[in-house]
Amino acid sequence: MTVPILQSLIADRWVGTQASSLLRSAIDGSAVAHTHAETLDFAQALHHARTVGVPALLKLDFQQRAGLLKALAAYLLERKEALYALSRHTGATRADSWIDIEGGAGTLFAYASVGAGDLPSGNVVHEGPAMPLGKTGVFAGTHILVPRRGVAVHINAFNFPIWGLLEKFAPSFLACMPCIGKPATATSYLTEAVVRMIHDSGLLPPGSLQLVIGGTGDLLDRLTEPDVVTFTGSADTAARLRVHPNLVARSIPFNAEADSLNCAVLAPEVGPDDEAFDLFVKEVAREMTAKAGQKCTAIRRAIVPRRHLDAVAERLAARLAKTVVGDPAVEGVKMGALASRAQQADVAERVALLSRGNEVVFGAGTGAAFSPVGDGVAEGAFFSPTLLLCRDGWANGAVHDVEAFGPVSTLMPYDELDEAVALAARGRGSLVSTLVTTRPQVAAYVVPQMAAMHGRVHILDPQAAPESTGHGSPLPQLKHGGPGRAGGGEELGGVRAVKHYLQRAAVQGSPTMLAAVTGEYVRGAAVQESELHPFRKWYDDLAIGDSLLTHRRTVSEADIVAFGGISGDYFYMHFDEIAAKESPFGKRIAHGYFVLSAAAGLFVSPSPGPVLANYGLDTLRFVKPVGIGDTIRARLTCKRKTDKPPRKGQPPQGVVAWDVQVTNQDDELVASYDILTLVLKRPGEGA
């Protein structure tokens with residue numbers, strides 16, 4: 001059978017016809033693919049991204065790019081089985097591959113949701129509110145986020161060939177940055193397969209995504225100030241890339257997510273007879289064997305009360321002994337191989353270093369037989385799950401410095417809880433830590449301390465266990481990254497990740513000018529008033545700044561009594577004349593929610609029309625009390641419009657945020673908030 005030659009995707013053309021390095025299956029050593037020998041033209045790749053990719057992405061807005069991410073996720077899931085078949089050669093079981101393949105598609109879905117729910121129509125994000133910078137309100141300032149108009153270079157590790165690419169691609173694409181992905185060579189055949197699917201889909205604008213098989217050559221030397229570099233891999237490589245002369249000279253943002261010596265701590269109140277004890281053992285064993293321990297988030301150090309050290313060691317060894325290792329195609333196999341024979345040799349070397357002065361409780365070095373199941377596995381890259389025991393975590397520094405990037409973890413004891421926190425910190429910065437406890441007060445004491453040196457703290461107790469995604473599962477909604485050795489960067493985290501790829505700028509000017517720039521009404525800006533009520537306008541016809549100043553209403557004692565009767569709110573400030581006089585307000589005041597209701601009565605247009613529903617309030621503040629006899633009015637202004645993609649069975653519509661200012665007879669602000677409404681588009685538009 002002819003061994004395929006992997007190709008790079010440069011300037012929307014596949015490059016590579018001459019064979020170079022042979023990549024072998026981690027399962028049986030059979031040939032999977034060759035890398036290509038051709039030298040890539042990175043000047044061409046960057047020129048294409050800047051002159052084709054950036055303009056093509058700028059023609060779309062956040063909402064439209066979010067829609068493409070959603071469509072792409074669905075497209076890949078329809079073709080996932082081809083990826084699963086190829087993923088087996090990386091040594092991954094079906095469960096391991098699920099994290100990589102469907103986890104990658106799930107990340108696309110997650111960022112599609114972020115774009116649809118948290119980002120505006122257009123390509124400017126307003127980080128408001130605007131703030132007055134003068135005495136009369138005619139000069140103000142605010143912040144905006146805009147596309148950098150550069151290129152994102154993503155350098156990925158070998159352990160998650162698909163998820164690693166997509167979890168970086170999703171937020172950068174959403175932020176309007178074309179991407180150049182560079183996977184680790186050992187498993188690049190799987191990345192090439194998914195990029196080929198993406199390219200064949202035709203869903204992405206030209207220049208959105210390029211792929212580099214092999215080395216990066218002079219790519220980093222050619223980057224300029226608007227560009228961004230992200231890296232996932234070893235801490236040593238991250239340290240070298242961080243000080244690349246061109247990145248330093250041009251202040252090019254560099255985000256690293258590096259392998260780290262993550263830990264799990266068993267709280268002192270948890271004993272061998274407790275459910276939480278078994279949760280701890282299960283979590284450590286799972287993190288050792290999932291992906292054969294080849295996860296940047298895997299538990300490398302298990303820190304337990306000294307009195308339970310032997311009990312934990314015994315239960316962990318028993319659990320690991322039940323783990324069937326071998327060809328993932330064989331029924332019953334729970335752990336596959338390392339990604340390559342080179343990785344197998346590297347892990348063996350590091351286990352030898354960790355074994356010095358420590359005990360090997362289970363696995364490599366114990367003399368026990370290790371026989372992976374399956375045909376041809378003798379040529380594979382299998383490694384036995386290995387549990388070491390360090391009885392003095394202060395005397396043996398290797399356990400906090402040396403990482404065996406495989407199914408390897410080290411147990412160590414502590415006597416006091418503060419010692420456990422200190423041992424955890426000796427990893428010099430980690431991506432994630434787990435605390436297994438049953439006492440909230442223990443979590444309240446430990447977590448703030450561990451958070452200083454860990455990017456994520458996972459608290460595991462019997463209540464959370466049924467739904468917990470686990471120690472080693474970064475989620476698109478939460479930050480992925482960590483301080484110190486872990487790289488000091490941040491990935492994922494919902495809209496936060498998108499903002500990493502945008503440029504923040506302060507803008508100063510009149511409110512009218514700021515409104516024009518941000519695409520949002522800024523208080524003090526010019527408004528447009530007309531005889532047609534804003535609620536009578538279709539979404540398409542509404543303009544930012546369309547406004548209505550209502551008639552007035554005087555608040556009476558009868559209003560307060562009636563509202564109290566309807567709501568059941570008889571708080572003394574509304575009904576007790578004597579107590580109210582002794583309060584800071586000096587008088588009875590109306591319910592805040594009555595003020596909101598009365599304001600709605602002033603500005604709502606009651607007849608059926610384009611406004612479908614009010615589904616929320618944002619930024620609500622009761623600024624000044626409203627007393628009996630005060631007269632209020634409201635100003636309703638179209639603040640922001642966010643287009644919504646059409647949904648099956650629903651009429652075309654968008655979301656409109658309305659700025660509401662309620663004032664009293666002295667034109668003093670008494671209540672301030674945004675109302676969110678669904679508004680129909682003009683019939684025939686957007687269908």
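The values are calculated or read from the model by the stated rules, or taken from the named source; none is laboratory data. On a predicted model such as this, the values are computed, not experimentally measured, just so you know. Please note: Cβ atoms are built from the backbone with ideal geometry, for glycine as well, and neighbour counts cover all protein chains shown. Just the protein is used for accessible areas: all its heavy atoms, side chains included, with ligands, DNA and RNA removed. Shrake-Rupley method; radii C 1.70, N 1.55, O 1.52, S 1.80 Å.
Looking only at the stretch 235-262, residues that are without any contact (Cβ under 8 Å) to a residue 60 or more places away in the chain and part of a loop (DSSP other than H, G, I, E, B) come to 5 in all.
From E416, E379, E331, which residue is surrounded by fewer than 16 Cβ atoms within 10 Å (Cβ to Cβ) and within 25 Å of I303 (Cβ to Cβ)?
Details: E379 fails: within 25 Å of I303 (Cβ to Cβ); E331 fails: within 25 Å of I303 (Cβ to Cβ).
Unique residue meeting the criteria: E416.
If you check T230, T216 for being in a strand (DSSP E or B) and at pLDDT below 95, only one passes: T230. Of the numbered criteria (1) surrounded by fewer than 19 Cβ atoms within 10 Å (Cβ to Cβ); (2) assigned to a helix (DSSP H, G or I); (3) within 26 Å of the chain's Cα centre (by Cα), the one E314 fails is (3). Please enumerate the residues belonging to the stretch 26-43 that are open to solvent by 10 Å² or more (accessible area, probe 1.4 Å) and part of a loop (DSSP other than H, G, I, E, B). Passing the criteria: D28, G29, S30, A37, E38, T39, L40, D41. Checking each residue in the stretch 644-667 for being open to solvent by 70 Å² or more (accessible area, probe 1.4 Å), closer than 30 Å to G592 by Cα and charged (D, E, K, R) picks out D666, D667.
Scanning the stretch 506-536 for residues that are assigned to a strand (DSSP E or B) and open to solvent by less than 40 Å² (accessible area, probe 1.4 Å) returns V507, G509. Scanning the stretch 170-208 for residues that are farther than 16 Å from G104 by Cα and of a type in the set (D, E) yields a count of 1. For the stretch 263-282, the tally of residues that are touching a Lys or Arg at 6+ places or on another chain (Cβ under 6 Å) and part of a strand (DSSP E or B) stands at 1. Residue-level analysis places A130 among those that are open to solvent by 20 Å² or more (accessible area, probe 1.4 Å), touching a Leu at 6+ places or on another chain (Cβ under 7 Å) and small (G, A, S). The condition of being in contact with a Gly (Cβ under 7 Å, 6 or more places away or on another chain), surrounded by fewer than 16 Cβ atoms within 10 Å (Cβ to Cβ) and among the aromatic types (F, W, Y) holds for only one of F575, F571, that being F575. Under 6 Å between Cβ atoms, at least 6 apart or on separate chains: pull out the pairs that start in the stretch 475-493 with a residue that is touching a residue at least 24 places away in the same chain (Cβ under 8 Å) and on the phi < 0 side of the Ramachandran plot and end on any residue that is open to solvent by 50 Å² or more (accessible area, probe 1.4 Å) and part of a loop (DSSP other than H, G, I, E, B). The qualifying pairs are K479/E490; R485/R428. The residues in the stretch 283-310 that are in contact with a helix residue (DSSP H, G or I) (Cβ under 6 Å, 6 or more places away or on another chain) and part of a strand (DSSP E or B) can be counted, and the count is 4.
Within the stretch 518-544, residues that are touching a residue at least 12 places away in the same chain (Cβ under 8 Å) and more than 18 Å from M131 (Cβ to Cβ) have Cβ atoms under 8 Å from residues that are open to solvent by 60 Å² or more (accessible area, probe 1.4 Å) and of a type in the set (S, T, N, Q) in these pairs: A526/T512; A543/Q528, counting only partners at least 6 apart in sequence or on another chain.
Let's see how each residue does on (1) under 26 Å from the mean Cα position of the chain (by Cα); (2) open to solvent by less than 10 Å² (accessible area, probe 1.4 Å); (3) farther than 22 Å from C390 by Cα:
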| site | (1), (2), (3) |
| --- | --- |
| T230 | yes, yes, yes |
| A256 | yes, yes, yes |
| A267 | no, yes, no |
| E283 | yes, no, no |
| E287 | yes, yes, no |
